[in-house]
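Asker: A single structure is presented below for examination.
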Amino acid sequence: MSNVASNSLEQTVAAMTTTPGVPAGTAALDEGSRRQAALIQVSQRVVATANLATMLQDAATLVAETLSLEFWGTAEVRGNNQLHFCLGATDGSSELSETLRSIAATRSQDSIVAFALDAGHTVVVDNLAAETRFQDALLTERGIGSALVCPIRHEGQRLGAIGLFGQSPRTFSPGDVVFAESIAQLVGVSIARLQAELRFQKQYQRQQALWNSVDALILEMSPAGEILAMGGSGERVTRFNANQVCGQTFISTFVIPEEADEAQTRFRQLNQSPHPVEFSSYLLTADGLRRFISWTMTLVEGPEEPTILASGLDITEQQSLREQLEHAQETVRKTRSELDHLKSQINLKQPDTSRTQPFGLVREKTRTERRAKPRRLYPYVQHVAPMVDGKLPSIQDFFEVRCRDIAAGGFSFLTSEEVEHQEFVAAFGAPPALTYLTAKVRHVTRVDINGQAMMIVGCSYTGRVEL
């Protein structure tokens, strides 16, 4: 590592000190040029480096070489408040090169690096053996005589440190300290940038994972409706991939033509009100299909400009079921109306029952059932006529009676007159649609109905005739 750094440094200095007519690299490498070249090298490397440890080591190595020191060191603050310290030789020949020591919760009096991080400023030690503020055994055991450690902080956060160490005691000039601090500040800004990028990347990955875990179409849009990102079930629902829709507008990409004005109205509402906007609309997929989407859109304030977060649930199947249900309900309503109409028509054709009396319709539980076939109440006024000597009656012979019940094999009616005939012709229905059935009296039962003496005349059918 140190050979590459040294060669790069020499090339940079040579380029800076080249004069017309003089071969490159022959000009004197003065101290100022070397330090300026180191700053250029560090600025280039921290931009190109994405690894924190490499960034620290490159910077520490260049500074140590520039100040003609034998050792460099780096400290990196990691999770759980652990301090990782690396000590190496600038020429790469020492066994201390790439030596790594992990110090968890290191006390400031036991390490110059921990002391500098706690103090928050550069620590300069001309003679390490005579130092009383702390005793760094790691350095003194290896015979290091002088040290300069610059802590790296950004916005109050401890990030690490770079250390510059000499084999023997040495007096560091103010220029040495300013140069080392300049490099440390440059590295600190770069580390903060790198950490911010890593945080953003992790946040973006978490956001994408969250979006992809929900069964909804997720869109991030500008206030004007330009699509910035798509996640969730977006590709499955729309048949577009994110690259195809990003940069396009929501209305031109997804909205069907007949709903474009309504969508424009929703976006205006969203930009004029802090409240979310909810609506449902059809979405046109990449393969020309229409999906019914329930949208919830919210305007979210951002660091630069607000963005619209939209979540859409595909309710096409639910909408189809709802439409089928509404169609079925409408069919039921129409059928019920038709049935009511038919009932009213049937009721118009029923015989006039205005003279039918309610008495005599309730059968006594003790009365013996004579009919072999089931009977039902038949509280209607009908007409009967007696058959005399087996002859059929004329139309003028029929008179009204109040029927009591009816069955497949016969019927019964109420009368207050004595029954003188055993055969009758009964006319059922309403004129002109009358059915004439002959019947024979099977029983006559006397009953008292509301204080009035009545007779129940039970008859069985014997045939059908035409009059």
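Asker: Run the simple label-point estimate for Q422 and D126 please: 7 Å along Cα→C-beta, distance reported in nm.
Answerer: 15.6 nm
Asker: Take the Cβ-Cβ distance between V447 and S344 as r, set R0 to 51 Å, and report the resulting FRET efficiency rounded to the nearest 0.05.
Answerer: Approximately 0.90, to the nearest 0.05.
Asker: Moving on. Using 0.36 nm times the number of residues separating K391 and Q82, minus their current alpha carbon distance, what extension gain do you get? Walk me through the intermediate numbers first.
Answerer: Working: separation 309, 0.36 × 309 = 111.24 nm, distance 12.60 nm.
Separation in residues times 0.36 nm, less the Cα-Cα distance, equals 98.6 nm.
Asker: From the alpha carbon gyration tensor of region 375-465, can you work out the equivalent ellipsoid semi-axes (sqrt of 5 times each eigenvalue) and give them in Å, largest to smallest?
Answerer: That gives 20, 15, 13 Å for the three semi-axes.
Asker: As a footprinting exposure proxy, order L392, L194, L148 by other Cβ within 10 Å, with the fewest listed first.
Answerer: If I rank by nearby Cβ atoms, fewest first, I get L392, L194, L148.
Asker: How large is ³J(HN,Hα) for each residue in region 310-326, as worked out from phi by the Karplus curve 6.51 cos²θ - 1.76 cosθ + 1.60 (θ = phi - 60°), to whole Hz, x for Gly and Pro?
Answerer: 10, 10, x, 9, 6, 10, 4, 5, 5, 5, 5, 5, 5, 5, 5, 5, 4
Asker: Compute for region 113-239: radius of gyration divided by Kirkwood radius, i.e. Rg/Rh, restricted to C-alpha atoms, rounded to two decimals.
Answerer: 1.33
Asker: What list do you get for K440, K202 if you sort them by fewest beta carbons within 10 Å?
Answerer: K202, K440
Asker: Now for a separate question. Excluding V465 itself, what net charge comes from residues whose Cβ is under 12 Å from its Cβ, given Lys and Arg +1 and Asp and Glu -1?
Answerer: 0
Asker: If neighbour count is taken as other Cβ atoms inside 10 Å, put R464, R35 in order from fewest to most. Please list the in-between numbers first.
Answerer: Numbers: R464 10, R35 22.
If I rank by nearby Cβ atoms, fewest first, I get R464, R35.
Asker: Efficiency by 1/(1 + (r/R0)^6): what FRET value for F399 and T331, r their Cβ-Cβ distance, R0 = 56 Å, to the nearest 0.05? Mind showing how you got there, number by number?
Answerer: Numbers: r = 49 Å, r/R0 = 0.87.
Given R0 = 56 Å and the Cβ-Cβ separation, E is 0.70.
Asker: Further question: Compute the length gained on full extension between F279 and T462: take 0.36 nm times their separation in residues and subtract their Cα-Cα distance, giving the result in nm to one decimal.
Answerer: 58.5 nm
Asker: Let me know the shape class of region 214-319, please: from the alpha-carbon gyration tensor, a ≥ b ≥ c as square roots of the eigenvalues, rounded when a/c is under 1.5, otherwise prolate if a/b is greater than b/c, or oblate. Could the numbers behind the result be given before it?
Answerer: Numbers: a/c = 1.55, a/b = 1.32, b/c = 1.18.
The shape class here is prolate.
Quick note: the coordinates plus some simple rules give every number you see, no bench work behind them. Keep in mind that this is a model prediction, so the values were computed, not measured. As a convention, Cβ positions derive from the backbone with ideal geometry for all residues, glycine included, and neighbour counts pool all protein chains shown.
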